[in-house]
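Quick notes on the structure that follows.
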Amino acid sequence: MFVGHYGVAFAVKTERNKIPLWVLFVAVQLLDFLWAPFVLLGIEKVRFVPGITATNALDLYYMPYTHSLLGALF
């Protein structure tokens, strides 16, 4: 999942681009960094459902700000 995020940062980074790679990494992950505090504050919702998937018990059922195109535009 994160490979796609970091792939964009690597694609943008060029020899002539003077933006440090770590800044690009933060830029592509910024909304994911905000996700956990939003869940803790009750702005976005997550619940634990054992067996919902083979690898993860998290049901990410309400994420309108950090995982939507409209939310990302603001």
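Read the figures in this text as sums done on the coordinates, not as results from a lab. Everything numeric in this text was worked out from a predicted model, so none of it was measured. Note: ideal-geometry Cβ built from the backbone for every residue, glycine included; neighbour counts use all protein chains shown.
State which residue is nearest to Tyr6 (Cα to Cα) when the search covers only region 31-48 and only residues that are without any contact (Cβ under 8 Å) to a residue 12 or more places away in the chain and loosely packed, with under 12 Cβ neighbours inside 10 Å.
Taking the candidates together, the pick is Phe33.
Count, please, the residues in region 11-30 that happen to be farther than 19 Å from Leu69 by Cα and without any contact (Cβ under 8 Å) to a residue 12 or more places away in the chain.
Qualifying residue count, region 11-30: 11.
So, in region 49-71, of the ones that are touching a Phe, Trp or Tyr at 6+ places or on another chain (Cβ under 8 Å) and aliphatic (A, V, I, L, M), which residue ends up nearest to His5 (Cα to Cα)?
So, considering only residues that are touching a Phe, Trp or Tyr at 6+ places or on another chain (Cβ under 8 Å) and aliphatic (A, V, I, L, M), the one nearest to His5 (Cα to Cα) is Met63.
Looking only at region 1-30, which residues are of a type in the set (Lys, Arg) and surrounded by 11 or more Cβ atoms within 10 Å (Cβ to Cβ)?
Hit for region 1-30 is Lys13, nothing else.
Among the residues of region 50-74, how many are surrounded by 12 or more Cβ atoms within 10 Å (Cβ to Cβ), touching a Leu at 6+ places or on another chain (Cβ under 9 Å) and among the hydrophobic types (A, V, I, L, M, F, W, C)?
Adding up the residues that qualify gives 1.
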